[in-house]
Every structure is written in structure tokens, then in C-alpha cells.
Amino acid sequence: MIAAALPLLLLASTAAPHDGPDPIGSWRLAERQVDGTRLSARMGADAEIAGERSFVGGALLFDGETTRVELDAAAQPLPTESLCVEAWAAINTPTRWGGLFGTIQDNGSAETGWLLGYDDERFTFALSTTGADDGDGRLTYMRGTKRYEEGRFHHVCATYDGATMRLYVDGQLDASSAAQSGAILYPKSAPLVIGGYRDDDEDYLLHGRLHSVRLFDAVPTAEGVWHMFEHGEELTREAPHLVLDPEHRWLVQPYLQWATRDGMTIRWETSRPSTSVVEWATRVDFAPEDPEKTSPSFAHAWAADGATRMHEVRLTGLETGTAHYYRVRSVDDLGRELVSGVSSFQTAPEKDDPYAFVVISDTQGNPEVSGRIAQHAFGLRPNFVLHPGDLVSTGGNKEEWLTHFFSSMKPLLERVALFPVLGNHEQDARYYYDYMSLPDPEHHYTFEYGNAQFFMLDSNREVGPGSEQYRFLDRELLRSKAEWKIVCYHHPCYTSDEDDYGDTWHGPSTRGDLRTRELVTLFDAHGVDIVWNGHIHSYERTWPLRAGRATDPEGGTVYMITGGGGGSLETAGPIRPSFQNTVKHGHHFCYVAVNGRTLEMKAYDLEGRLFDALTIRK
């Protein structure tokens, strides 16, 4: 058992509220309550702690990977007609499906139990009863309105009086619902979990702290809930050095965004609030007495104001088309320093200079494959990465961003800038916006690089005539003076995929997304050269098209699907559509080199073997 060298907060937060009910279960998650793996209950059944056990600020720190606390649901009395559950909780890492305390089964039509939880921004309360939907077992997920502050304690309390669900945050009513009624419907078999969300096929562990949890079989008044909050209110004023992890470590190592002729954005994430400093130069100097070159010297150092976990430093005034070398430093409030290795980047070139980029899409959920592709792609030394969406499998799951995307793509993203769009798997979740530094509104934007202009759209939103993005694209294409016009979004206008847009083995198909196909009119009118998509996990290139039909190679738009970055592979249908030039099953990426009025595209498989090529000369 590891105890952090920090003062304990000895609060009476587990005392009964004024004129309120007595708990049937009460657990103080403090070191003094733990003997080996057993957590002694103040009221009710004892619990078992598995995994790492450490205590920060008098509360159990759940590491998000191994720590779990479970009770025998058969040994702990549970409410039947009415319920109140409360917790003092601090969320370190938001997630889409987070649990603080509950017993639940959420498997298709089998939805039973209750859960006090949280998502990527707010606290939640889920409940199933016998009176809703004829008692067939449907959970109501109620979401609060107050956004919690990561790492800070909040008092969360949910009640159900047989007719109304209520959720209180920091003593105030935050949400209510009358969707459920009658007795609480319990699972036939499910653990009672503190600090997690667990049923037969899902297991999400809390990364954060729990000070205490309590369970009641009667409902306090609103005033009673306020008294619960008042008893522990001091927790909300916890000293800054107690916040978040006790360790200062990397969560996301440095990566690059928004490359321009005179600037670059450098981002990284640490486990604790710390300073943001980037050291950089156009050459790295070493002391003569340093033969191993372990102590580089940089001519410049830029810092951002304040302490943060999500770090962003924008370097400006840089030399165009020039190699720059950098490393980052972060120091937390206890003086512990993180220093990255030395990496490099190149600013964008002048309009007339050659350049190259790679296109990688649908990296979702397969770091082994996306990591190999990142290595192959960097081997070709591109200037930047174009990503047509589905960076991860579940955009609301932070762990996937950390362990799937950024960890596998590190060899590429620490040296070349990433220009992405949203896929459907990002779920428009906060993490995409937290991790990306793009022009407002971020879900669509445009940028110039060399003699090309790129138009980046979110095909999960409206793109048809009259929509904000349609007007944006029409306006920006009309303004553009670029030699090459390239559009990027997730859902393809044209595809020969076997079943995404109709079962091509047994019947007709729309052969693509009909919503995004409404953009074709703009592509034709404004002379768009290439449209890059993902979504379909295969490779496909069309002939140059105009109004959906193959045309002269110099007079149409080429549509390309590059969805082989890691997701489970898909197959083309048995019938060849007239727009198709080339299709291939397999993980892959594309490399594009531009020199003036010549564009060369090459497609490589997971072994780095060339399997398709295209040259466009204007």
C-alpha cells in the first residue's frame, strides 16, 4: 500500500444530513479504513480493493487501469422503492462511460440497475424500474448541466422517490426526469462497484479519487442534500498541489500542428499542471566536453503563461521552408521537471517550392497497424499529415487517444504537422477539440500549403445546399487562387464497398453517401482536383469525374478513399461501378509529392510496397 506524503482531510462528510435519512451503506475511502485489500464499511458490507492502492489528500486514488472496489451485492442491503446515492469524487480523466457507484447491466434489451456516474464533461445518473416501458427493463440516463472541473472534488448526489429521478451537483439540483416509476429493477447478477462501470460486457475504471460514498433507501429533501454538501464543502477548496496525479509524467509527448511559412504549434499533455516551455533553434549546439551529445543548447526558448496539463506553444517569426530543432520542458508546482528528447520540424515552403504530404485515415483502435504505417510514412519524409477522420474508435474514451492514437503515431507527429477532420468515431467528443489546434470552429477550416489549398469539412454535420459548410466551401473555393484545390472529409461520395450503402452482393447500392454527394456540384464548378475520404476501410481511386461520370483526365475530380490506417478491413462489392479506377483490400497509406503543376500520388501497403500510382499534370 502506497500512501502519498500529503495531509489528510479529516471531514465529517459521512455524517447524516440534518433531519435526513440514515444510510444503509457508508464507505470512507481512506487509508485508515483499509486492511490489506479489505475496505471496512462504516455502515453495510465491507468491500474488496483490487489493483494499485495509493492515497492522495485523504482519498483513494483510482489509477484507471488496475484499481477497483467491489462489494458482494448479496451481502449489502439495496434500496427497492426509493434511493439516494452520494459521492465525493474528483475526476482526473473524463470518459464517455464513467462510474462512481452502482450495480448495472446495460446489454441491449437487458437494461437493469442504477449507476451514479460521469461522462466526458458532466455527472450522470442511470436507473431502471418496473414502471417504465411496461417494466421491460430500459435504463434512463440522465445527464447534468454543470461541467465538472478535472481533478477537483465535487459532491454528487442522485435520488429517486418512486416517480422522479434527480441529480444534484455541489448541493444544487442539476437535472431531473420523470421517465421512470415504480420499484427499482435490479440485475439478476451484477457486482456492486465503487469507482467503476462494470457489467457483463463492459468494464470502465475510474481515473480519479473518491473520498466517500453512501447509500440510502430513503430520499432526503433538497435542503438535506445541501447539508450533505455543506458537511464536506472544504474538499472543494483543496490545495492545488493535491490535485490530479501524485506523479508528474507524460500523457502525450510533443506533437505538431498548424504548420505555416513562419510558424508551428507544438502541443503536449502532462499528468499535472506544469509550465510550458519550448526551446528551439535552426541548429543544436553541444559543449565540447559532451561527446555523447546529451546536453544540447538552443538559441531560443518560448513559454506560455500559467500552469496547465494541456500544453500549447505557438512559435512565430520562423524562417520559411527551414529545418528547426526543438524540445519541450514542463515543471510542476513541486519542482519536478519533464524534458523531451530533441526533435525537428520544417516550416512550410514558398509557393513555388516542391513539397510532399501523406494521407492516413481510419487509424482507429489498432495501434500496431497505425504505428507501422506511421514508421513507413515518416520514412518518406513528408511535410505534413492529412487525416480524413476516425483517428480513434471511441472519441469519448480518453484512453484510446493516449494509448492508440498518439502513442502509435508519435514517430510521425513529433516531426510533421497533423491536419485532421472529424470522423463518425470521434463522436464530436471534447477530446478532439482538446487535442487539436485548428481555426474556429475547428470542425471545418481551410489552409494553404505551398501552391495548394486544402478545404477541410465535417461530414457528420450538414453539408447540403444552404448549410453553413456548403456556403463556406462555395465561398472559399471561389476566393482560392491556389494551383491545387484539395477537399478532405470523412464520408465518401463514391465507393464500391460491399454493404455500407446497400448490399451489393444481393441488390442495388447508392454507391456512396448521398448527403456528401450534394457537394459534387461545387467540386465541378470550382475545379477541385482531388477529394480525400475515409470511412470505408479499404483503398479506392476513381477516374476523374464530372457530374458523377468519368471524363477527360485533365477535366475532372479524382475521388480517393484512404481508409486503411488501422480499422478492421472492408471489401469491395462484386460489381464494378463505372467510376472505379482502382480498388484494393488492405491496410495502407498514400504519399503525395507536388512540384509546380505536377502532382504524383503513390499508395503503399503495410509492408511499404507500392501498389498504385497516379500522376496529374496541368
Subject >> Residue, surrounded by the fewest Cβ atoms within 10 Å (Cβ to Cβ), within the stretch 293-333, restricted to residues that are outside any strand (DSSP E or B), polar (S, T, N, Q) and modelled with pLDDT under 90 >> reply: Thr294
**OP:** With the condition kept exactly as written, say whether any residue in the stretch 544-563 is assigned to a strand (DSSP E or B), open to solvent by 50 Å² or more (accessible area, probe 1.4 Å) and within 24 Å of Tyr449 (Cβ to Cβ).
**Re:** no
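For every residue, the table says whether it meets (1) under 21 Å from Pro382 (Cα atoms); (2) more than 21 Å from the chain's Cα centre (by Cα); (3) touching a residue at least 12 places away in the same chain (Cβ under 8 Å).
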| position | (1), (2), (3) |
| --- | --- |
| Thr260 | yes, yes, yes |
| Thr270 | no, no, yes |
| Arg283 | yes, yes, yes |
| Ala287 | no, yes, no |
| Ser297 | no, yes, yes |
| Trp302 | no, yes, yes |
| Gly317 | no, yes, yes |
| His324 | yes, yes, yes |
**OP:** Give the residue, chosen from Thr504, Thr516, that is assigned to a helix (DSSP H, G or I), under 22 Å from Arg541 (Cβ atoms) and not acidic (Asp, Glu).
**Re:** Thr516
**OP:** Could you tell me whether any residue of the stretch 483-491 is in a loop (DSSP other than H, G, I, E, B), out of contact with any Pro (no Cβ under 7 Å at 6 or more places or on another chain), more than 15 Å from Asp458 (Cα to Cα) and open to solvent by less than 40 Å² (accessible area, probe 1.4 Å)?
**Re:** no
Original post:
What are the residue pairs meeting all of these: first residue in the stretch 579-608, first residue outside any loop (DSSP other than H, G, I, E, B), second residue exposed (fewer than 15 other Cβ atoms within 10 Å of the Cβ) and hydroxyl-bearing (Ser, Thr, Tyr), Cβ atoms under 9 Å, and 6 or more apart or on different chains?
Top reply: Thr598/Thr615; Leu599/Thr615; Glu600/Thr615; Met601/Thr615
Original post:
When the residues of the stretch 105-131 are filtered to those that are assigned to a loop (DSSP other than H, G, I, E, B) and within 25 Å of the chain's Cα centre (by Cα), which remaining residue is modelled with the lowest pLDDT?
Top reply: Gly108
Original post:
Looking at the stretch 180-220, which of its residues are among the acidic types (Asp, Glu) and open to solvent by less than 40 Å² (accessible area, probe 1.4 Å)?
Top reply: Asp199
Original post:
Residues of the stretch 456-482 being in contact with an Asp or Glu (Cβ under 9 Å, 6 or more places away or on another chain), farther than 20 Å from Trp258 by Cα and among the aliphatic types (A, V, I, L, M), which ones?
Top reply: Val463
Original post:
Among the residues of the stretch 414-461, which ones are under 17 Å from Pro492 (Cβ atoms) and surrounded by fewer than 18 Cβ atoms within 10 Å (Cβ to Cβ)?
Top reply: Asn424, Arg461
**OP:** Please indicate, with yes or no, whether at least one residue in the stretch 84-104 is part of a strand (DSSP E or B) and either surrounded by fewer than 21 Cβ atoms within 10 Å (Cβ to Cβ) or polar (S, T, N, Q) (or both).
**Re:** yes
Original post:
Right, Glu368: modelled with pLDDT under 95, surrounded by fewer than 24 Cβ atoms within 10 Å (Cβ to Cβ), more than 16 Å from His490 (Cβ to Cβ) and not polar (S, T, N, Q) or not?
Top reply: no
Subject >> Given (1) buried (at least 21 other Cβ atoms within 10 Å of the Cβ); (2) in a strand (DSSP E or B); (3) of a type in the set (D, E, K, R); (4) modelled with pLDDT of 95 or more, index of the condition Asp362 fails >> reply: (2)
**OP:** For the stretch 146-164, name all the residues that are over 30 Å from Pro246 (Cβ atoms) and of a type in the set (A, V, I, L, M, F, W, C).
**Re:** Ala163
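Yes or no, residue by residue, for (1) modelled with pLDDT under 95; (2) among the aromatic types (Phe, Trp, Tyr); (3) under 30 Å from Pro439 (Cα atoms); (4) open to solvent by 30 Å² or more (accessible area, probe 1.4 Å):
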| residue | (1), (2), (3), (4) |
| --- | --- |
| Glu230 | yes, no, no, yes |
| Thr236 | yes, no, no, yes |
| Leu242 | yes, no, no, no |
| Arg249 | yes, no, yes, yes |
| Ser274 | yes, no, yes, no |
| Val277 | no, no, yes, yes |
| Phe286 | yes, yes, no, yes |
| Pro291 | yes, no, no, yes |
Subject >> Arg283 vs. criteria part of a loop (DSSP other than H, G, I, E, B) and under 30 Å from Phe357 (Cα atoms) >> reply: yes
Original post:
Which residues, taken from the stretch 11-40, are modelled with pLDDT of 90 or more, within 22 Å of Leu83 (Cα to Cα) and either of a type in the set (D, E, K, R) or in contact with a Phe, Trp or Tyr (Cβ under 7 Å, 6 or more places away or on another chain) (or both)?
Top reply: Asp22, Pro23, Ile24, Arg28
Original post:
If you go through the stretch 166-175 one residue at a time, do you hit one that is under 30 Å from Val278 (Cβ atoms), open to solvent by less than 40 Å² (accessible area, probe 1.4 Å), touching a helix residue (DSSP H, G or I) at 6+ places or on another chain (Cβ under 7 Å) and of a type in the set (Ser, Thr, Tyr)?
Top reply: no
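The values are calculated or read from the model by the stated rules, or taken from the named source; none is laboratory data. No experiment lies behind these values; they were computed from the predicted model shown. Ideal geometry is used to build each Cβ from the backbone, glycine not excepted, and the neighbour counts take in all protein chains shown. Areas reflect the complete protein model, heavy atoms only, side chains present, ligands, DNA and RNA absent. Shrake-Rupley method; radii C 1.70, N 1.55, O 1.52, S 1.80 Å.
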